[in-house]
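The values are calculated or read from the model by the stated rules, or taken from the named source; none is laboratory data. Because the structure is a prediction, the values reported are computed rather than measured. Cβ sites come from the backbone with ideal geometry, for glycine too, and all protein chains shown count toward neighbours.
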Amino acid sequence: MGEKIKIIELDFVNAFLIEVEGGNVLIDTGYPMHWEKLLGELMSANCLPDKLKLVILTHGDMDHTGNCANLQKKYNVKIAIHQEDVFMAEKGVSLNRKVRTLSAKIFVLIRKLRRSFQSKKIIFETFKPDVFLSDGQSLIEYGLDAKVIHIPGHTKGSIGILTKEGSLFAGDIFFNRKKPVVSYYVHDELELNASVEKLKKIDIRMVYPGHGKPFPFQDFKDI
C-alpha cells in the first residue's frame, strides 16, 4: 500500500499531511496568515481535534512554523523540531542569510515591498517545541515509518524526513519552481553543500520541497 500524502499549498509555501495508522502527521505549517486555510484542510482530513499525532518542522523559519502556537494552544498538538533551530521558535528570530542569485534577490525585494504596503503586519507568536529531533531518529512511535536526516545549511537545524518508501520531505534545501535547484538562501554555504552531497548518497525516490512541486530526486542528480 502506497503512502497517502496530501500537499497543502499555502500560497508559495507547502505543508504536507501524511496519513498514518490512527491519524496523521503534518510537516510544516505556513505563515500565520495561512491559519484559516490550514485549519480547513486539517478539519476536512478529520485529523483535528485529536488525530494529529505530530507536527514536524523542517526548520525554524516563520513561513514553516507560523501556525504552531495556534495548534498547540487550541488542539494540544505536539511540535517537533531540531534542537539547533529551537531558538528561532522560542524567540521569533529570523536569520541573516546570503542570497545566491539575482532572481532570488529580486524576489526578496518584492516580498519586502509587499509587506511594507500591507495594512496588517505579520505577527509571529512564539512557542516552545515539545519534541527535539536528531539525525537518524526514527519516527515510528508517531506511526510514521521514517527517519530524520539533519541537513544544515539553510539553517543550522534544517532537517529532512525520509520515509521507508523513499519520499524525502526536504524543507528548503531544494526549491522547484521551474526546475530542481539547491536553496538560494544560505546561512552556511559549506554546510549546505555538504548536506546536498550527503543526500546524494542516500536512496531517495521523490523529493517534496517546501517551495515548488515534488520531483524525482534523479532529476536533480542528472542536472
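Here His59 clears all of (1) touching a helix residue (DSSP H, G or I) at 6+ places or on another chain (Cβ under 7 Å); (2) farther than 17 Å from Ile159 by Cα except the condition numbered (2).
Residue by residue, here is whether (1) under 26 Å from Ile140 (Cβ atoms); (2) touching a residue at least 40 places away in the same chain (Cβ under 8 Å) holds:
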position: Asn14; (1), (2): yes, yes
position: Val20; (1), (2): yes, yes
position: Tyr31; (1), (2): no, yes
position: Gly40; (1), (2): no, no
position: Ser44; (1), (2): no, no
position: Cys47; (1), (2): yes, no
position: Val55; (1), (2): yes, no
position: Asp63; (1), (2): no, yes
position: Cys68; (1), (2): yes, yes
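Taking the criterion of being of a type outside the set (Ser, Thr, Tyr), under 22 Å from His154 (Cβ atoms) and not in a helix (DSSP H, G or I), the residues of region 19-53 that qualify are Val25, Leu26, Ile27, Asp28, Gly30.
Is there a residue in region 157-175 that is surrounded by fewer than 23 Cβ atoms within 10 Å (Cβ to Cβ) and without any contact (Cβ under 8 Å) to a residue 12 or more places away in the chain? There is no residue in region 157-175 that is surrounded by fewer than 23 Cβ atoms within 10 Å (Cβ to Cβ) and without any contact (Cβ under 8 Å) to a residue 12 or more places away in the chain. A single entry from Leu192, Leu139 fulfils the requirement of being in contact with a strand residue (DSSP E or B) (Cβ under 6 Å, 6 or more places away or on another chain), modelled with pLDDT of 95 or more and over 18 Å from Ile5 (Cβ atoms): Leu192. Out of Tyr184, Tyr208, which single residue is at pLDDT below 95 and either buried (at least 21 other Cβ atoms within 10 Å of the Cβ) or out of contact with any Gly (no Cβ under 8 Å at 6 or more places or on another chain) (or both)? Going through Tyr184, Tyr208 in turn, just one is at pLDDT below 95 and either buried (at least 21 other Cβ atoms within 10 Å of the Cβ) or out of contact with any Gly (no Cβ under 8 Å at 6 or more places or on another chain) (or both): Tyr184.
Within region 63-80, the residues that satisfy the criterion of being crowded, with 20+ Cβ neighbours inside 10 Å and either in contact with a Cys (Cβ under 9 Å, 6 or more places away or on another chain) or assigned to a helix (DSSP H, G or I) (or both) are Asp63, His64, Thr65, Cys68, Leu71, Val77, Ile79.
Of all residues in region 25-45, count the ones that are over 16 Å from the mean Cα position of the chain (by Cα) and either surrounded by fewer than 20 Cβ atoms within 10 Å (Cβ to Cβ) or of a type outside the set (A, V, I, L, M) (or both). Of the residues in region 25-45, 9 are over 16 Å from the mean Cα position of the chain (by Cα) and either surrounded by fewer than 20 Cβ atoms within 10 Å (Cβ to Cβ) or of a type outside the set (A, V, I, L, M) (or both). Considering (1) under 20 Å from Ile27 (Cβ atoms); (2) free of Cβ contacts under 8 Å to residues at least 12 places away in the same chain; (3) not basic (Lys, Arg), say which one Glu197 fails and leave the rest. With (1) under 20 Å from Ile27 (Cβ atoms); (2) free of Cβ contacts under 8 Å to residues at least 12 places away in the same chain; (3) not basic (Lys, Arg) applied to Glu197, the lone miss is (1).
If you check Arg100 against the conditions, is it in contact with a Lys or Arg (Cβ under 9 Å, 6 or more places away or on another chain), modelled with pLDDT under 85 and not acidic (Asp, Glu)? No: the conditions fail for Arg100. Restricting region 187-205 to residues that are crowded, with 18+ Cβ neighbours inside 10 Å and among the aliphatic types (A, V, I, L, M), which is nearest to Ala15 (Cα to Cα)? The extreme case among them is Ile204.
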